[in-house]
Every structure is written in structure tokens, then in C-alpha cells.
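Visitor: I'd like to ask you about the structure that follows.
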Amino acid sequence: MPVNNRLLFVITGLAVGGAETQMTRIATRLRQRGWIVRIVTLLPPKAYVQHLAQSDISVDTLNIRYKLPDPCPLLRLARIIRSWKPSIVHSHMVHANLLARITRFISPMPLLMCTAHNINEGGRLREILYRVTDRLCDLTTHVCREGAERYVRIKAVPAHKIRHVPNGVDVEAFRPDPVARQQIRAQLGVDDHFVWLAVGRLEAQKDYPNLLNAFATVRARSSAGLLLIAGDGPLRADMERLANTLGIQDWLRFLGMRRDIPQLMNAADACVLSSSYEGLPMVLLEAHSMALPIVATDVGGNSEIVTDGVTGLLVAPHDSDALAEAMVNLMRMDAHSRRQMGLAGRQHIVENYSMEFVIDTWEALYHELLEAKARGSRHRA
């Protein structure tokens, strides 16, 4: 632990999303290990503030509400850094990464780390901005290997300044519970249906039209399928209309935003993800931790989580026929084979993505960089 063990996280926003959830879990675990943690959000927070306060982690916001250029948030962040004097500033998500880098022009930071959470962070301009501001950052990390390799390929980050540090999952909170499964299925009234669960915001990245078209094919080939979608977002009304158009509304439930994802996963028979692009999606880590087999598109870090034919099935993105075929094939497997798939998935998560393992990785990396910085200072002296 450094003498100054203050760790400042800077993140674009706090909402119920994969990157935000992951950073929140990292922050609380590090606080338990003795780090003094503070969080700054660019956008007004929508979730987790009370949860973080219970762990003695304060949340400040730069309160950005408009897209027009405004120097005030940069100046506010600089004041926080100068007054609080963290030993490490660790930013998450593209807007926070770029703002933290620019802030270094006017506020000294002993160490700045930036974490990318998606293989596509918004187009070529942002990738160029990563490249031209790289010298202001000590290290960039990416949650998936494919993302890290791509950032080197497109010259957003030089190879020697990027590391792969995966997301982690609490394998005790996300573990199968046969008793709870029966109770939750009874509460949901799913009877003997084969329950598919999709979790994620209803936005373009998740490509729900792909999933709904695939599920219409699944229903045409098997009358046992039921699809639950946990999440909300700007495309919900469009997806509800599409479900009605496809005639699948009676076998599809839009559950909205849920806080009981482990319980829903206990009730499900399999998890499905139809995204156009991804980083390292938390929902797949959680589903495999719950010993669920998975059908997912082969994008981003999905193949790092799902081993095709062993723990689930991977298909090309934007191909609803291929997605439907994989879903039907999984449903037609005998229960023992599906169970073995799920158990193999859980073993993979426990061995490679447990939260304790990931927190150990972060701490080791923090100490490595701080020690390298101290050696550099002594050498210059």
C-alpha cells in the first residue's frame, strides 16, 4: 500500500451498466482492502451513490448536461485533484479518459491510468483523440484481449502502454441455487417453458431486432421457448412494436430495469446475447458464473468468455437465422449436456474472472506503476 493510498476514479456516468457496475464493485473491494477511494462522474449519477456511501466512498459530479464545449468541468476536476492529491487517478470510459488526460495539462497527477470498456468507443475521431493524448496517460488498459489488440492495430495506443485487465464477477453472489430456481420460476409463472434470458439496455449496440427476429424463428420451430428481457432503454417501444409485428408478444416479456439479476438467472435455462459489438460483457460473466449455457454473437471479448461448443454457442453478428439455429440446437440438447456446458462455463469464470482475482490484478498493477514512477524520480534526482 503506498503512503498516499488515495485512489480517484473518474467515470463518464454512474448508471446500471456494465462498465459502471464493474467500477463500483472494484471501488468497494479496494476500499475494503484499505484504499481511500473517491469517485468523480462527468454526468449526474443515476445509480450506486447510496451503495458507495455505505462503503465510505464519496461521489462528486462535474454535472455535465450539455454537449457544447465548456471548460468548467475540466477546471472542477483539476480543483478536486489538486486539493485531494490522489496517488492514482484511474479513469473509465472514453469521455472520462479523454477529460482526465486533458486535465493533466493544468493539474499534476502522479499516475494516470485509463480503462476502455468497449471494442468500439464511438468511431474514428475518438480513436485519433486517444492516439494524440496518449502521452498524457501512464497506461491504458482494456477489458478484453481483442480490444487491446485492436487499439494497438489502429495505433490508438502503443503496444508497450496497454494491458489487458478483464472484468470480474462475484462468483459467490452469482452461483446456481436449485431451491431458489423452483421458487422464482413459480413466481414468474414460466411452468415448463425453456426460458431464455437476455440482459442489457435496449439500445442499438445490443441489436435486439436481431434477437427478436431470431426468437420468432425459434418459436416457429419449438413451442417451448419463452424469452425474458431484463433492461430498459430508448428502443423499448420500438422493440415492443416489433414483437407484436412478429407475433411473439405472448412468449416474450419485457421486464424493464431489474435489481434481481441473479434470481432471474437462476430461473433461466440459458442466456442469449445478440450484440453488434462488445467489450467484455458482464452479463456473460454472470451467466456463466450461474452455470448457464450461453448463445452469443462472436464480437469483442465474447469468445474469451464463451468457448464455442464447450460452454455455449457463438454465431456471427447481424445474422438472425444463425442465432435462431444456435438457440434451437441448444434447446434440443439433452438436459445433461446443457448442464455440463453450464458447469464448464462456471469453472472457466471461477478460474479466470473471479472478482478477487481481478482485484489482485489491479492492486499489483497499481503497485508496479507506482514503484516504476518512484524509481524514475530517484533516477532523475
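Visitor: Using the Karplus curve 6.51 cos²θ - 1.76 cosθ + 1.60 with θ = phi - 60°, what ³J(HN,Hα) values do you get for each residue of the stretch 88-94, in whole Hz, with x for Gly and Pro?
Guide: Couplings: 9, 10, 10, 9, 9, 6, 4 Hz.
Visitor: Something else: Neighbouring Cβ atoms within 10 Å as the yardstick, rank LEU369, LEU292 fewest first.
Guide: Ordered from fewest to most neighbouring Cβ atoms within 10 Å, LEU369, LEU292 come out as LEU369, LEU292.
Visitor: Restricting everything to alpha-carbon atoms, can you work out Rg to Rh for the chain with a Kirkwood hydrodynamic radius? Show your work: numbers first, answer last.
Guide: Details: Rg = 21.6 Å, Rh = 21.8 Å.
We get a ratio of 0.99 for the chain.
Visitor: Separate question: Using a Förster radius of 45 Å, what is the FRET efficiency between ILE106 and GLN347 based on their Cβ-Cβ separation? Nearest 0.05, please.
Guide: Efficiency for this residue pair is about 0.40.
Visitor: Which FRET efficiency value, to the nearest 0.05, do you get for ASP334 and ASP191 by plugging their Cβ-Cβ distance into 1/(1 + (r/R0)^6) with R0 = 25 Å?
Guide: E between ASP334 and ASP191, to the nearest 0.05, is 0.80.
Visitor: Around VAL40, which amide H atoms from residues at least 5 apart in sequence, or from another chain, sit under 5 Å from its own amide H, with H modelled in the peptide plane?
Guide: Here PHE9, VAL10, ILE11, ASP60 satisfy the definition.
Visitor: Could you tell me the calculated FRET efficiency between ASP250 and ALA180, based on Cβ-Cβ distance and R0 = 41 angstrom, to the nearest 0.05?
Guide: 0.95
Visitor: On to the next question. At 7 Å along the Cα-to-beta-carbon direction for both VAL310 and ARG82, put a label point, then send me their distance in nm to one decimal.
Guide: In this crude label model, VAL310 to ARG82 measures out at 5.4 nm.
Visitor: Given only helices, namely DSSP H runs of n ≥ 4 each adding -39500 (n - 2.57), what is the per-residue ellipticity at 222 nm of the chain, to the nearest 500 deg cm²/dmol?
Guide: -14000 deg cm²/dmol
Visitor: Quick check: net charge around ILE57, other residues with Cβ under 10 Å of its Cβ, Lys/Arg +1 and Asp/Glu -1? Provide the component values of the computation, followed by the final result.
Guide: On the way: positive: ARG31, ARG38; negative: ASP56.
In short, +1.
Visitor: How far apart, in nanometres, would the label points at CYS72 and LEU136 be if each is projected 7 angstrom from Cα along the Cα-to-Cβ direction?
Guide: Going from the CYS72 label point to the LEU136 one covers 2.0 nm.
Visitor: Give me the one-decimal nm value for the distance between modelled label points at ASP60 and GLN32, 7 Å along each residue's Cα-to-Cβ direction.
Guide: So the two model labels end up 2.7 nm from each other.
Visitor: Sticking with this structure for a sec: Count the DSSP beta bridges whose two residues both fall in the chain, then state the antiparallel fraction as a percent rounded to the nearest 5.
Guide: For the chain, the DSSP antiparallel bridge percentage is about 5.
No lab work stands behind these numbers, since they all come straight from the coordinates. From a predicted model like this one, the values you see are computed outputs, not experimental measurements. Glycine gets a Cβ as well: all are built from the backbone with ideal geometry, and neighbour counts include every protein chain shown.
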